[in-house]
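*Asks:* Following this message is one structure expressed as structure tokens.
The values are calculated or read from the model by the stated rules, or taken from the named source; none is laboratory data. Since the structure is predicted, the reported quantities are computational estimates derived from the model, not experimental observations. Heads up, the Cβs are rebuilt from the backbone with ideal geometry, glycines too, and the neighbour counts pull from every protein chain shown.
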Ligand code: GLN
């Protein structure tokens, strides 16, 4: 009996140890899977460029990638509070965000563009004065649109909802990142993107300020992905060169 108890206690210890280490072996990625082609739902899976980049980083660090899907404006908070290790959601580097979290080296360039209906009279960012503009809550599109004179802002939880509102004639334009814009325009008739972009920006991965070791590891992994051509390969899988 004594032997058995010892064995049981031993097994319990091993089990609890395993429980502890499995947490340590995870790399938790906070994202908002409403942002094709960077992160989106495909069946019951979350896929996209950011997912593959984070998977490659996790592989490099010998960790298991765990994806936490949440509202866009919770992504940075969850990194800040330590609930997630990485925030990867097509996150634009901004001075304001850098006050709360660190950003890795950039892995993509992007732009905020304007989606309009094909028959719209909006031909450049200057024409947005006085218009009703749809944005995704908490995004750089939302932040920049606040400076447009006399404009009315409609904030949506998902970029797709802003595009729906545009299709229904509830708003005049949507300001959103260029790659999801291309996806939404290709999926819906009667929409186009204004030639002149609204702003240019860079995407990077958010990491807690005190986690400098992870920042170094992620930057090293990103460098390796760039140098080996693997980053280009991932991007090419989701974005064709001619669109
Ligand atoms: N790049 C934009 C930002 O960082 C939007 C990102 C997103 O909607 N996932 O605010």
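*Asks:* Between a residue in region 216-229 that is farther than 13 Å from residue 205 by Cα and any residue that is assigned to a helix (DSSP H, G or I), which pairs come within a Cβ distance under 7 Å, given they are 6 or more apart or on different chains?
*Replies:* 224/60; 225/53; 225/56; 225/231
*Asks:* Which residues, taken from region 126-145, are under 16 Å from the mean Cα position of the chain (by Cα), under 15 Å from residue 161 (Cβ atoms) and buried (at least 19 other Cβ atoms within 10 Å of the Cβ)?
*Replies:* Once the filter is applied, which keeps residues that are under 16 Å from the mean Cα position of the chain (by Cα), under 15 Å from residue 161 (Cβ atoms) and buried (at least 19 other Cβ atoms within 10 Å of the Cβ), region 126-145 yields 135, 136, 139, 141, 142.
*Asks:* In region 126-145, what count of residues is obtained for those that are outside any loop (DSSP other than H, G, I, E, B) and closer than 24 Å to residue 98 by Cα?
*Replies:* Selection size over region 126-145: 8.
*Asks:* Here are 111, 71: which of them is within 10 Å of the ligand (Cβ to nearest atom) and either more than 19 Å from residue 161 (Cα to Cα) or surrounded by fewer than 20 Cβ atoms within 10 Å (Cβ to Cβ) (or both)?
*Replies:* Residue meeting the stated conditions: 111.
*Asks:* Also, quick follow-up: Which pairs have Cβ atoms under 9 Å, sit 6 or more apart or on different chains, and link a residue in region 34-55 that is over 17 Å from residue 236 (Cβ atoms) and more than 14 Å from the ligand (Cβ to nearest atom) to one that is in a loop (DSSP other than H, G, I, E, B) and modelled with pLDDT under 95?
*Replies:* Once the first residue is over 17 Å from residue 236 (Cβ atoms) and more than 14 Å from the ligand (Cβ to nearest atom) and sits in region 34-55, no partner that is in a loop (DSSP other than H, G, I, E, B) and modelled with pLDDT under 95 comes close enough.
*Asks:* Related question: Taking residue 123 as the residue in question, decide whether it is modelled with pLDDT of 95 or more, part of a loop (DSSP other than H, G, I, E, B) and either in contact with a helix residue (DSSP H, G or I) (Cβ under 7 Å, 6 or more places away or on another chain) or surrounded by 18 or more Cβ atoms within 10 Å (Cβ to Cβ) (or both).
*Replies:* Criteria not met by residue 123.
Every residue, every condition in (1) in a helix (DSSP H, G or I); (2) in contact (Cβ under 8 Å) with a residue 24 or more places away in the chain, yes or no:
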position: 110; (1), (2): no, yes
position: 113; (1), (2): no, yes
position: 147; (1), (2): no, no
position: 160; (1), (2): yes, yes
position: 164; (1), (2): yes, no
position: 174; (1), (2): no, yes
position: 179; (1), (2): yes, yes
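*Asks:* Could you tell me whether region 82-91 includes any residue that is at pLDDT 95 or above and surrounded by fewer than 22 Cβ atoms within 10 Å (Cβ to Cβ)?
*Replies:* yes
*Asks:* Pick from region 198-231 the residues that are within 16 Å of the ligand (Cβ to nearest atom) and surrounded by fewer than 17 Cβ atoms within 10 Å (Cβ to Cβ): which of them is farthest from residue 125 (Cα to Cα)?
*Replies:* Across region 198-231, the extreme among qualifying residues is 202.
*Asks:* If you check residue 135 against the conditions, is it within 13 Å of the ligand (Cβ to nearest atom) and within 30 Å of residue 24 (Cα to Cα)?
*Replies:* No.
*Asks:* Being crowded, with 18+ Cβ neighbours inside 10 Å, over 11 Å from the mean Cα position of the chain (by Cα) and either within 18 Å of residue 91 (Cα to Cα) or modelled with pLDDT of 95 or more (or both): is that true of residue 49 here?
*Replies:* Taking the combined requirement at face value, the residue does not satisfy it.
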